[in-house]
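Here the structure comes first, spelled out in C-alpha cells, and everything after it is commentary.
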Amino acid sequence: MSTTTNHKENFMQFKHLYRVLAGGAVSALLFATPTEVSATPVFARQTGMSCAACHFQRYPMLNAFGREFKVRGYTMKGAQETIEDKNLSIPSTLNFGLVSKLRYQKRNGSATTGTPGMLNDGEFQIPDEAFLSVGGRVAQNIGFQAELNLANVATNGVFAAFKMPFVFEPTPDIVANIVPFTTDAQGPSYGFELLNTGAVRFNRAFEHRNETSAQQYLGTATQATGASFALYNKLGFLTYAPYVQRASNADPAFSSGEMLSYLRGAVTPTVGGWDLAAGFQLWNGSSKLEVAGTETPTSADVWALDAQAQGNVGKLPLGVYVTYGSAAASSAGDTNVYNTNTAGDKTALTLAAELGVIPYKLTVGAAYRNASSGASASDAEDAVTLGLNYMPAKNVTLQVNHSFYSYDASLAAAGDNLTTLMLYSAF
C-alpha cells in the first residue's frame with residue numbers, strides 16, 4: 001500500500017475520532033453547570049479578579065491587560081488585604097496554586113521497546129507536570145513568581161523556576177523591568193515575555209509545542225539562569241538578558257562564567273479592535289559546559305520572528321499565531337546548543353489559529369509546521385496539528401491534540417501520528 005494511501009486512511013480515522021470527541025465535548029457542555037472559578041489562582045487570589053481579565057480565550061494566553069499586569073511585576077493590589085509599613089507592602093497571605101497536567105499519549109509506529117514502544121502502546125503520563133505556583137507582591141514595585149516541582153523531584157529537584165521583577169517608571173509612558181531569573185526548562189525568554197507564540201515555552205495555544213511553534217521546535221526552552229532588562233510601553237517592548245545554560249536545580253552539567261545573550265523586541269499595537277503583535281528574538285554568544293568532567297565549548301546562534309493577532313470574528317474570539325526561526329549548524333569544536341547537527345541549519349515555519357466556537361468554553365484550532373532538522377540534505381519534518389479545548393471551569397481544560405507527520409526520514413518505527421489527551425488544571 002502506498003504512503004499516500006496510508007496518510008489518507010489515517011486522516012479519515014482521525015477525522016472520525018475528532019468528530020466523536022468534539023461531539024462528546026459539546027454534549028458535556030450542554031449538561032455542565034457553569035462554574036465561576038479564576039484560572040490563575042495565585043494572582044486571582046491577590047487581585048480578586050477573574051481569569052478573563054488577563055487571559056485571551058483561556059489560561060495561560062495573555063491579553064493586553066494581562067501583559068500590563070505582568071509588566072508591573074505582579075504587584076497589583078485588589079480584594080486581598082495587605083500589610084503596610086514604611087518600605088513594606090505585602091499581601092496578608094502568601095498565595096499558592098497547584099498546577100498539573102495529566103496526559104495520555106499514543107503514536108502509531110511499529111517500535112515495541114523503549115520510549116517509542118511505550119508511546120506506540122499508549123502511555124499514561126500522570127502527572128506529566130505538577131508544581132506549586134507561588135507569587136505576587138513583594139513590595140510596591142517588586143513582585144515574584146516561583147515554581148516548586150512536585151513531579152520526579154529526585155531527578156528534577158524542587159526549585160524549578162524563579163523570577164523577581166523590580167519595576168521602575170522613568171516616565172509616565174515607559175515601564176522598566178530588571179528581572180533576575182532561573183528556570184529548568186523555559187529558556188532565557190522566561191525572564192520577560194508577553195506574546196502567545198511559544199516565544200516562551202509556557203505561553204502557547206497547543207500542547208504539541210514543537211509542532212506549533214518554531215521557537216519550541218528549535219529547542220530554545222532550556223535551562224537558563226540570568227537577568228532580563230526590559231523597557232515597555234503600550235506599543236511594544238525591548239528585552240536584553242545575559243544568561244548561562246544552567247538552572248538552580250541539581251544537574252550534572254555546569255556552565256562557565258561566560259555569558260550567552262538573548263535579545264527580544266516586539267511591537268504591540270491595537271488596530272480596529274484587534275490586539276496585534278510582531279517581534280524578533282536573537283540568541284548568541286559563546287560559553288562552556290562541563291559534563292562528567294569534560295569541558296565543551298558551546299555557543300548560541302539562533303534567531304526567530306513571530307507575530308500574533310487576537311480579536312473577534314463576529315462574536316467569536318480568534319487567535320492567529322505565526323513563527324519562523326533558524327538555528328545555525330554546529331561546527332568542529334563549537335557546538336550550537338540549539339542545533340548540534342553539523343550538516344545544515346535547523347529551520348521552522350509555523351502557522352496556527354484557534355477559534356472560540358463557544359466563547360470561553362469550547363475552542364478548535366489547527367496548525368501547520370514546515371521544518372528542516374539540519375541533519376542532512378533530506379531532513380524535512382513537516383506536521384499538521386488539530387486541537388480542541390473544552391473548559392468545564394475557567395481553571396480546568398480538557399484538551400485534545402492530534403498531529404500528522406510527514407518526514408523525509410522513515411517514520412515506520414516511531415509512527416506518523418501522535419494523539420494527546422490532557423487534563424490541565426490550576427487551583
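The values are calculated or read from the model by the stated rules, or taken from the named source; none is laboratory data. Nothing here was measured: the structure is a model prediction, and the numbers come from that model. With ideal geometry, Cβ positions are generated from the backbone for all residues, glycine too; neighbour counts draw on all protein chains shown. Surface accessibility is based on the protein's heavy atoms, side chains included, excluding ligands, DNA and RNA. Shrake-Rupley method; radii C 1.70, N 1.55, O 1.52, S 1.80 Å.
A few remarks follow.
- Residue in region 187-194 that is in a strand (DSSP E or B) and at pLDDT 95 or above present: no
- Figure legend. Inter-residue proximity from region 409-425: first residues within 17 Å of Gln399 (Cα to Cα), second residues acidic (Asp, Glu), beta-carbon distance below 6 Å, spacing 6+ or different chains. Indicated pairs: Thr420/Glu207; Met422/Glu207.
- Each residue in region 132-161 was checked for being closer than 25 Å to Asp85 by Cβ and assigned to a strand (DSSP E or B), and 11 of them qualify.
- Flag for Phe229 being under 27 Å from Thr93 (Cα atoms), touching a residue at least 12 places away in the same chain (Cβ under 8 Å), open to solvent by 50 Å² or more (accessible area, probe 1.4 Å) and not in a helix (DSSP H, G or I): no
- Some residue of region 186-202 being crowded, with 23+ Cβ neighbours inside 10 Å, without any contact (Cβ under 8 Å) to a residue 24 or more places away in the chain and within 26 Å of Gln310 (Cβ to Cβ): yes
- Candidates Gly374, Gly365: the one that is of a type in the set (Gly, Ala, Ser), over 14 Å from Tyr424 (Cα atoms) and either in a strand (DSSP E or B) or open to solvent by 40 Å² or more (accessible area, probe 1.4 Å) (or both) is Gly365.
- Residues within region 202-226 that are in a strand (DSSP E or B) and of a type in the set (S, T, N, Q), tallied: 1
- In region 385-422, the residues that are in contact with a Ser or Thr (Cβ under 7 Å, 6 or more places away or on another chain), surrounded by fewer than 18 Cβ atoms within 10 Å (Cβ to Cβ) and within 15 Å of Asn370 (Cα to Cα): Asp408
- Scanning region 333-340 turns up no residue that is open to solvent by 60 Å² or more (accessible area, probe 1.4 Å), modelled with pLDDT of 95 or more and either more than 25 Å from Asn210 (Cα to Cα) or part of a strand (DSSP E or B) (or both).
- Note on region 46-131: enclosed strands (runs of 3 or more DSSP E) holding 2 or more residues that are open to solvent by 20 Å² or more (accessible area, probe 1.4 Å), more than 25 Å from Gly157 (Cβ to Cβ) and of a type in the set (A, V, I, L, M, F, W, C) are 88-91.
- Qualifying residue in region 353-376 (condition: in contact with a His (Cβ under 9 Å, 6 or more places away or on another chain) and closer than 20 Å to Leu218 by Cα): yes
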